[in-house]
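Take a look at the structure below.
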Amino acid sequence: MNACIRAVVRCGVSRKLEVVGIRRGYCGILEDDFAKLGSRSVANTIYRGGTFLETARCEEMKTPEGIRKANEVLQQEGIEGLITIGGDGTFRGAVALAELGNVKVIGIPGTIDNDVYGTDNAIGFDTAINTALDAIDKIRDTAGSLQRLFFVEVMGKSRGFIALEVGTAGGAENILIPEVETRIEQLCLDIRRSFKKGKRSSIVIVAEGDDAGGAFSVAQQVWERLRMEYRVCVLGHVQRGGSPTARDRVLASKLGAAAVNALAKGMTGYMVGELKGEIAFTPLRETWEKKKELDRNLLRLVKVLAG
Ligand code: F6P
């Protein structure tokens, strides 16, 4: 997000616009917590994870009073255009503000879950999968050396984009995601077969929102049937931090610049994303009303490649 804020600030300044940062997301609007941002205020931020403006979950913004108040504060502050970075919660607030018509609003997808329709990748996804992959590679060293069965839980409260990517890249034996019903009996069969075929270790990637439960729950259910020793590793919030990858920095820079250009052209109520390498605009409402499909061919390929 820092790389994106930097792009917004510097593109805004180059267009001679006044740029103001809002601290802690919508909470910052409601509490009038604004900071003027110039080119120098975003120096040395591109390589840092998180957001220097900080963020927050803002319950008040889910209410009509909250929206009204936010709209008022923005008007008092003379804000003409608002750029919001986030996922569906952020965009719902953005649509509500855009519909009141006093401020133009453009959304930028920023969520490691990557579950936003209208963009191939959201900011943060590439960094998260590379962080998870690094951990899985390390776990594989232990799994291989000690001939162990591992269940590794990755983030994804309702979608399996992270699990699918890191499972493929990390050579997982199995990937469990919310989009596909998990059959524990079948999983046990797969695990037993792979050890029978001569494999000495096995890594099962579990998305936290899988229908069979998280990694601890899946592992317990497998244990009840196979009585095989196992280990569980929950990667958790390490996936949400760290220095962003080059791909994330480039994506964040492009989307930040495109959002400023869109506002300057008078656009409002859209999310700017990237589809097949091209900047693409999607009405904000569609970003949560339409479902982004994940690559089921990749899931099938993982089965073949597990060998
Ligand atoms: O941003 C989405 C997500 O990464 C989910 O996958 C996860 O459930 C959630 O954030 C956890 O975030 P928090 O602990 O801040 O609620």
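The values are calculated or read from the model by the stated rules, or taken from the named source; none is laboratory data. Just so it is clear, the structure is predicted and the values come from calculations on it, not from any experiment. As a convention, Cβ positions derive from the backbone with ideal geometry for all residues, glycine included, and neighbour counts pool all protein chains shown. Side chains are part of the model used for accessible areas, which takes the heavy atoms of the whole protein and leaves out ligands, DNA and RNA. Shrake-Rupley method; radii C 1.70, N 1.55, O 1.52, S 1.80 Å.
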Next item on the list: Taking all protein chains together and a probe of 1.4 Å, list 88, 115 from the most accessible to the least accessible.
Entry: 88, 115
Next item on the list: Rounded to the nearest 10 degrees, what's the angle between the helix 215-226 long axis and the longest principal axis of the chain, both from Cα atoms, 0 to 90?
Entry: 10 degrees
Notebook entry, point to check: Each residue of the stretch 109-123 in order: what ³J(HN,Hα) in whole Hz does its phi give by Karplus 6.51 cos²θ - 1.76 cosθ + 1.60, θ = phi - 60°, with x for Gly and Pro?
Noted result: x, x, 7, 5, 5, 6, 9, 9, 5, x, 8, 5, 10, 9, 4
Item checked: the stretch 234-304 - percent relative contact order, Cα under 8 Å, separation 6 or more -> 17 percent
Note to self: Could you tell me how far the Cα centroid of the stretch 1-69 sits from the Cα centroid of the stretch 150-186, in Å?
What the structure shows: 34 Å
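Output the relative contact order of the chain, whole-number percent, from Cα pairs under 8 angstrom with separation of 6+ residues. Could the numbers behind the result be given before it?
On the way: 587 pairs, mean separation 72.3, N = 307.
For the chain, the relative contact order is 24 percent.
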Next item on the list: Select from the stretch 253-294 those trypsin sites (Lys or Arg not before Pro) which occupy a DSSP coil region and have at most 13 other Cβ atoms within 10 Å, ordered by residue number.
Entry: 265, 276, 290, 291
Notebook entry, point to check: Over the stretch 91-217, what percent of the accessible surface lies on carbon and sulfur atoms, probe 1.4 Å?
Noted result: 47 percent
Notebook entry, point to check: Name the trypsin sites (Lys or Arg not before Pro) in the stretch 84-166 that are in a loop by DSSP and that have at most 16 other C-beta atoms within 10 Å, would you?
Noted result: 157
Note to self: Compute the helix-to-body angle for 184-196: its Cα long axis versus the longest principal axis of the chain, expressed 0 to 90° and rounded to tens.
What the structure shows: 60 degrees
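Charges only on Cβ, +1 for Lys and Arg, -1 for Asp and Glu: so what's the dipole of the chain about the Cα centre, in debye to the nearest 20? Walk me through the numbers before you get to the answer.
Numbers: 43 positive and 39 negative charges, 192 e Å.
My answer is approximately 920 debye.
Of 104/290; 265/290; 69/104; 16/292; 62/104; 36/157, which ones are farther than 28 Å apart at the Cα?
On the way: 104/290 23 Å; 265/290 26 Å; 69/104 16 Å; 16/292 37 Å; 62/104 19 Å; 36/157 35 Å.
The answer is 16/292; 36/157.
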Next item on the list: Report, ordered by chain and residue number, the lysines lying within cross-link reach of residue 197, taken as a straight Cα distance under 26 Å and ignoring same-chain residues fewer than 8 apart.
Entry: 138, 303
Next item on the list: Could you work out how far helix 2-14 tilts from the main Cα principal axis of the chain, as a 0 to 90 degree angle to the nearest 10?
Entry: 30 degrees
Margin query: With unit charges on the beta carbons (Lys and Arg positive, Asp and Glu negative) and the dipole taken about the Cα centre of the stretch 65-132, which residue among 87, 101, 119 sits farthest to the positive side?
Written below: 101
Note to self: 7 Å from Cα along Cα→Cβ at both residue 34 and residue 300: what's the point-to-point distance in nm?
What the structure shows: 5.4 nm
Check: How much accessible surface does residue 48 have with a 1.4 Å probe, in Å² rounded to 10?
Finding: 100 Å²
Item checked: Per residue accessible area of the chain, 1.4 Å probe, in Å² -> 49 Å²
Check: Scanning the chain for GluC sites (Glu not before Pro) in DSSP loops with at most 16 other Cβ atoms within 10 Å, what's the longest stretch left with none?
Finding: 81-180
